[in-house]
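Note sheet for the following structure.
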Amino acid sequence: MSELETVAAAELSGGKAGSADPAARPRSLAGDAWRDLRRNPIFWISLVLVLAVTAMAAFPGLFTSNDPHDCTLARQHAGPGGGAPFGYDFQGCDIYARAVFGARASLLVGAFSALLTGIIAITVGMLAGYFGRWVDAALSRVIDVVLGIPLLLAAIVMLKRISSDSPNIRIIAVIFVLAILGWTTAARVIRSSVISAKQQDYVAAARMLGAGNGRTMWRHILPNSLAPVIVVLTIALGSFIAAEATLSFLGIGLKAPTISWGIDIDAGRTHMRESAVALVVPSTFLALTVLAFIMLGDAIRDAFDPKLR
Amino acid sequence: MQVRRLAAWTALPLAATLGLAACGGGGDSGESDPNATVSIQIAEPQHLISTNTNDSSGNQVLSALFAPLVDYDEQNKPFEVAAESVNSTDNLTWTIKLKDGYTFHNGEKVTSDSYLNAWNYGAYGPNGQGNSYFFEKIAGFDDLQSKDPDGDGPQKAPEPKAQTLTGLKKVDDLTFTVTLAKPYSEFKTILGYTAFYPLPEAAFSAPGVIKDGYEDAPIGNGPFKMKGTWQHDAKVEVERYDAFPGDKPKIAGAEFRIYQQLTAAYADVLSDNLDVDVTVPTENLSTAATDLGDRFQQSQNSSFQFVAFPTFQKEFSKPDVRKAISMAIDRDEITKSIFKESQISARSFVSPVVAGYRDDTCGEACEFNPTKAKELYQAAGGPAELKITYNGDGGHKDWVDATCNQLKTNLGVDCVGAAEPKFSDLLTKVEGKQPVGLIRMGWLMDYPSMENYLGPLYTTNGSSNYYGYSNPDFDRLVQEGTTAATPDEAVKKYQQAEDILATEMPVIPLRFGQNVYAHSTRVKNVEVDLFQVVDMTKIEVVS
């Protein structure tokens with residue numbers, strides 16, 4: 001943490017660069033992290049995967065020219081051909097096209113759940129960490145309570161109440177349910193880094209210069225406690241994608257006509273013995289995506305955590 | 001999925017241990033071992049009281065414990081079993097003579113009273129028996145019903161006017177008469193249904209009150225008696241009743257093993273831990289023939305699968321829209337690719353198993369013709385989005401999705417299959433007049449008659465007419481059929497009624513089902529009848 005303080009303090013006082021490396025540009029935490037990351041192959045692999053899946057979600061047409069909704073029984077379990085590199089599933093749909101189009105729902109749910117999680121976590125964690133005392137006590141108990149609710153079980157209970165079959169409403173419902181249940185870890189991380197940032201000299205300095213609570217939190221503490229949250233949220237994004245697939249697999253998350261890996265895995269599972277490809281392809285897409293986000297988060301965390309350096 | 005998996009994992013070790021226990025005998029001499037027992041897959045029965053049992057698992061258990069008044073031969077004509085004769089001169093008053101020598105498993109003699117008490121109990125409204133509508137035809141039924149004045153409110157329904165049906169009269173210990181409210185030529189046929197089994201004195205704690213615990217160990221007049229009690233969610237065991245005067249079974253007993261998951265039962269029959277798997281799950285159909293060889297069998301049953309149009313959705317009100325949707329469905333492709341020929345494409349409204357069935361009664365409307373279908377659909381202004389609502393627990397997803405895909409391709413519309421957890425959830429939505437789109441329906445007959453396919457499903461206020469179809473001409477023809485003097489005349493009226501359905505298409509016939517069952521290497525002569533029930537007197541154990 002020492003680097004962070006000095007840099008921040010130096011910026012705040014408008015003084016010269018920190019003492020660690022007097023010769024070059026001031027070395028920031030991010031700069032150090034980037035230097036580490038550049039040499040980490042896991043970082044590059046996961047980054048490429050994440051970018052690929054993001055491109056798939058945004059422009060599925062770049063990856064396949066087949067319509068994932070074009071299914072006919074005449075092609076049931078047919079082999080590769082006609083622009084379908086992995087062949088066709090039980091209903092005669094292009095397995096690959098469906099896997100490509102499935103990326104959109106997964107990433108939408110993952111990204112927006114993570115975003116919403118971040119907003120809730122930062123608000124709660126910041127208030128608890130900054131004000132301390134009874135505010136902290138109350139909010140921490142709330143975190144404990146929410147943490148005690150099993151994510152999957154609660155998600156099943158809540159989503160059962162949503163009877164609408166409209167694809168948009170279901171996606172929004174899944175996003176909200178995952179965010180409402182998944183923000184606690186991030187909030188704890190924020191809270192602890194706010195507590196440690198709050199005691200730094202530059203905070204005291206800002207206070208002395210007359211900064212109010214809002215300005216201190218927003219301008220001084222938040223930027224310095226954001227890094228660990230971003231890491232936690234990247235990892236959470238991966239697990240939200242997995243949770244979405246689980247719920248869709250169980251038939252209570254997203255529903256047809258939305259294309260989701262979870263739905264396709266469920267459909268592939270029942271006909272596993274006739275053709276395993278329809279099960280393996282969406283499973284692989286799902287596994288790689290989740291793994292990519294979790295590895296990316298891990299790599300960034302390792303780079304940012306000075307204790308591991 | 002977690003829940004379902006859990007069930008499978010608990011069922012497997014349980015089934016394995018039970019299977020081991022059952023694998024006692026097995027010498028090498030002779031052909032069949034009369035001292036061995038068999039195990040048969042069922043689901044948890046809803047009830048084991050004859051007047052309240054209408055699921056095939058409950059029927060399976062009761063068919064072992066009871067002997068019916070009549071049973072059905074190969075042509076589905078009724079013949080007497082526990083009855084000596086069932087006669088009527090005017091189709092209004094029926095005289096039923098019982099065979100002497102039948103006793104209940106507790107030694108009690110089967111008399112006319114055994115039947116009269118049971119039927120009065122089943123018909124009495126406040127008892128809430130699931131099969132009470134079978135007694136509707138008997139005179140005096142209305143006096144046994146009462147309506148709750150404020151629905152579910154605090155007021156109680158008044159006592160019905162009468163406790164017993166006026167139409168039931170005892171003549172002597174082995175003879176009684178049944179007077180119907182209206183003449184009905186096929187009354188003898190419906191007597192084969194579970195609802196018409198007798199009940200012993202021992203079943204009642206007071207007149208008209210069933211004893212607590214009777215349902216857990218029913219006492220019947222059939223070839224098998226209970227061994228122990230009904231172990232809920234685990235098994236029901238029965239053993240041969242030696243004083244049974246009718247056809248003797250060729251096994252010493254049977255264990256009806258309760259499975260929560262069809263695939264678990266299939267796995268057990270593969271490994272010889274279960275003797276008869278009555279329903280091979282759809283997902284195993286494509287591999288079952290290779291897995292089991294000639295131990296995988298099919299036989300005719302009476303089931304009929306169709307989709308219905310709720311009348312409250314105005315976009316389906318034109319017959320041409322319904323006809324176009326029907327013509328856009330390639331039934332043969334679905335029976336081939338999804339059901340691997342285990343079901344048969346339906347182009348009529350009644351099953352081929354009943355007298356009066358005709359091929360292709362719905363004519364052009366059930367022929368696959370995508371070009372004509374699209375023209376017709378657009379001319380009639382059918383909706384641009386279709387939905388097929390189905391119950392998610394019955395293995396319907398595959399064919400519903402495939403049907404939707406065909407409608408998408410052939411009509412150029414959007415189509416989704418929407419799963420409701422259970423059929424009752426689907427009905428709740430239909431009753432709430434929510435836009436459910438097409439609804440999946442299935443029908444398994446109660447007794448072999450065309451009337452059973454027409455009356456409950458399409459007459460105004462029919463017991464299973466959930467979609468609200470109503471046509472006075474149709475009602476009249478069915479009514480004329482039930483009161484016709486002879487079965488042949490009745491069939492003619494029913495066929496005219498069916499022709500009305502073909503022009504109006506209130507539902508789309510899709511498929512007739514078959515039993516697809518499997519048995520272990522231990523047993524032979526396994527037969528599953530039209531009601532999806534294993535014939536307990538024919539099954540044998542190879543020794």
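The values are calculated or read from the model by the stated rules, or taken from the named source; none is laboratory data. If you're wondering where the values come from, they're calculated on a predicted model, not measured in any experiment. Heads up, the Cβs are rebuilt from the backbone with ideal geometry, glycines too, and the neighbour counts pull from every protein chain shown. These area figures cover heavy atoms from the full protein model, side chains too; ligands, DNA and RNA do not enter into them. Shrake-Rupley method; radii C 1.70, N 1.55, O 1.52, S 1.80 Å.
A Förster radius of 51 Å, combined with the Cβ-Cβ distance separating B:Asn525 from A:Ile45, puts the computed FRET efficiency at roughly 0.20. Each residue, B:Asp247 and B:Asp233, gets one label point 7 Å from its Cα in the Cβ direction; the gap between the two is 3.7 nm.
Over segment A:31-308, with every protein chain in place, what whole percent of the accessible area is carbon and sulfur at 1.4 Å, could you tell me? It would help to have the intermediate numbers written out before the result.
Working: 8720 of 12680 Å².
That share works out to 69 percent.
Can you pull the Kirkwood radius for segment B:304-369, inverse mean 1/r over Cα pairs, to one decimal in Å? Please list the in-between numbers first.
Working: mean 1/r = 0.0760 Å⁻¹.
Here the Kirkwood hydrodynamic radius works out to 13.2 Å.
Mean Kyte-Doolittle hydropathy of -0.5 or higher plus an axial Cα length of 24 Å or more: which whole DSSP H helices in chain B meet both?
Numbers: long enough: B:2-22 (30 Å, 0.90); B:487-504 (26 Å, -1.00).
In chain B, the long hydrophobic H runs are B:2-22.
Annotation: average projected area of chain B is 25.5 square nanometres, based on the convex hull of Cα atoms across all directions. Based on every Cα atom in the protein assembly as shown, Rg and the maximum pairwise Cα distance Dmax equal 34.1, 119 Å.
Can you list the lysines whose alpha carbon sits under 16 Å from that of B:Lys147, skipping same-chain ones fewer than 8 residues off? Here the lysines satisfying the reach criterion relative to B:Lys147 are B:Lys156, B:Lys161. Distance from the Cα centroid of segment B:279-309 to that of segment B:398-439 is 23 Å (rounded to whole angstrom). Interface residues of segment B:379-420, defined as those losing at least 30 Å² of solvent-accessible heavy-atom surface relative to the isolated chain (probe radius 1.4 Å), are listed as B:Lys397, B:Asp398, B:Asn405, B:Lys408, B:Val416. In this Cβ point-charge picture (+1 for Lys and Arg, -1 for Asp and Glu), chain A has a dipole of about 720 debye about its Cα centre.
Before we go on, tell me the buried accessible area for the B/A pair, both chains summed, 1.4 Å probe, in Å² to the nearest 100. Accessible area lost upon association: around 1900 Å². Only the Cβ atoms of Lys and Arg (+1) and of Asp and Glu (-1) were treated as charged; on that basis the dipole of the protein assembly as shown about its Cα centre amounts to roughly 4100 debye. For B:Glu74, the shell of other residues with beta-carbons less than 14 Å away shows a net charge of -3, using +1 for Lys and Arg and -1 for Asp and Glu. The candidates B:Tyr494, B:Tyr133, arranged from most to least accessible area with a 1.4 Å probe in the full protein assembly, appear as B:Tyr133, B:Tyr494.
If you place +1 on the Cβ of every Lys and Arg and -1 on the Cβ of every Asp and Glu, how big does the dipole about the Cα centre of chain B come out, in debye to the nearest 20?
Using Cβ point charges on Lys, Arg, Asp and Glu, chain B gives about 760 debye.
Across B:Glu237, B:Glu364, the residue with the most accessible area heads the list, and the full order at a 1.4 Å probe is B:Glu364, B:Glu237.
Rank these by accessible area, largest first, 1.4 Å probe: B:Glu420, B:Glu74, B:Glu504.
Values: B:Glu420 25, B:Glu74 170, B:Glu504 60 Å².
Descending order: B:Glu74, B:Glu504, B:Glu420.
When only Cα pairs under 8 Å and 6 or more residues apart are kept, what is the percent relative contact order across chain A? It comes to 23 percent, rounded to a whole number.
Helix A:261-270 and the long axis of chain A differ in direction by around 40°, with both axes built from C-alpha atoms.
By how many degrees, 0 to 90 and rounded to 10, does the Cα axis of helix A:222-249 deviate from the longest principal axis of chain A? In chain A, helix A:222-249 runs at an angle near 20 degrees to the longest axis.
For chain A, the mean residue ellipticity at 222 nm estimated from helices alone is -22500 deg cm²/dmol, where every DSSP H run of n ≥ 4 contributes -39500 (n - 2.57) and the total is divided by all residues, rounded to the nearest 500. Counting only protein heavy atoms and using a 1.4 Å probe, the accessible area of A:Arg141 comes to about 130 Å². Shape summary of segment A:31-308, radius of gyration then Dmax from alpha carbon positions: 21.9, 77 Å.
Cross-link pairs exceeding 29 Å between alpha carbons, from the set B:Lys211/B:Lys422; B:Lys225/B:Lys340; A:Lys255/B:Lys374; A:Lys255/B:Lys372; B:Lys109/B:Lys188; B:Lys336/B:Lys387: B:Lys211/B:Lys422; B:Lys225/B:Lys340; A:Lys255/B:Lys372.
Computed over neighbours whose Cβ is under 12 Å from that of A:Gly110, the net charge equals 0, Lys and Arg +1, Asp and Glu -1. Measuring only protein heavy atoms, the 1.4 Å probe finds B:Lys318 accessible over about 100 Å².
Projecting the Cα atoms of B:Leu274, B:Gly107, B:Val70 onto the dipole axis of the protein assembly as shown, where Lys and Arg carry +1 and Asp and Glu carry -1 at the beta carbon, places B:Leu274 farthest toward the positive end. Among the chymotrypsin sites (Phe, Trp or Tyr not before Pro) in segment A:226-309, none sits in a DSSP loop with a Cβ that has at most 12 other Cβ atoms within 10 Å.
Counting protein heavy atoms only, chain B has 49 percent of its accessible area on carbon and sulfur, 1.4 angstrom probe. Counting only DSSP H runs of at least 4 residues, each contributing -39500 (n - 2.57), and dividing by the residue count of chain B, the helix-based mean residue ellipticity at 222 nm comes to -8500 deg cm²/dmol. Net charge of the neighbourhood of B:Glu420, taken over other residues with C-beta under 13 Å away and scored Lys/Arg +1, Asp/Glu -1, is +3. For segment B:202-295, the Cα-based Rg and Dmax, in that order, read 17.4, 56 Å. Extension gain, B:Lys336 to B:Thr503, is 57.4 nm, computed as 0.36 nm per intervening residue step minus the present C-alpha separation. For the protein assembly as shown, the residue among B:Ser132, A:His220, B:Pro158 whose Cα projects farthest onto the positive side of the dipole built from Cβ charges is A:His220.
In cubic angstrom, how much convex hull volume per residue do the alpha carbon atoms of segment A:48-207 span? Value for segment A:48-207: 163 Å³ per residue.
Projecting the Cα atoms of B:Ala485, A:Leu291, B:Asn471 onto the charge dipole of the protein assembly as shown (Cβ charges, centred on the Cα centre) puts A:Leu291 farthest toward the positive pole. Taking 16 Å as the straight-line reach from the Cα of B:Lys538, the lysines in range (excluding those fewer than 8 positions away in the same chain) are B:Lys248, B:Lys250, B:Lys524. Note on A:Leu291/B:Gln434: beta-carbon distance plugged into 1/(1 + (r/R0)^6) with R0 of 35 Å gives a FRET efficiency of 0.25.
For the pair segment A:127-177 and segment B:319-378, the centres of their Cα atoms are 49 angstrom apart. All alpha carbon pair distances within segment B:449-515 were sorted into 10 Å bins beginning at 0; the resulting P(r) in whole percents reads 22, 53, 23, 2. With the simple spin-label model, which puts each label point 7 Å out from Cα in the Cβ direction, the A:Glu274 to B:Lys156 separation comes to 5.6 nm.
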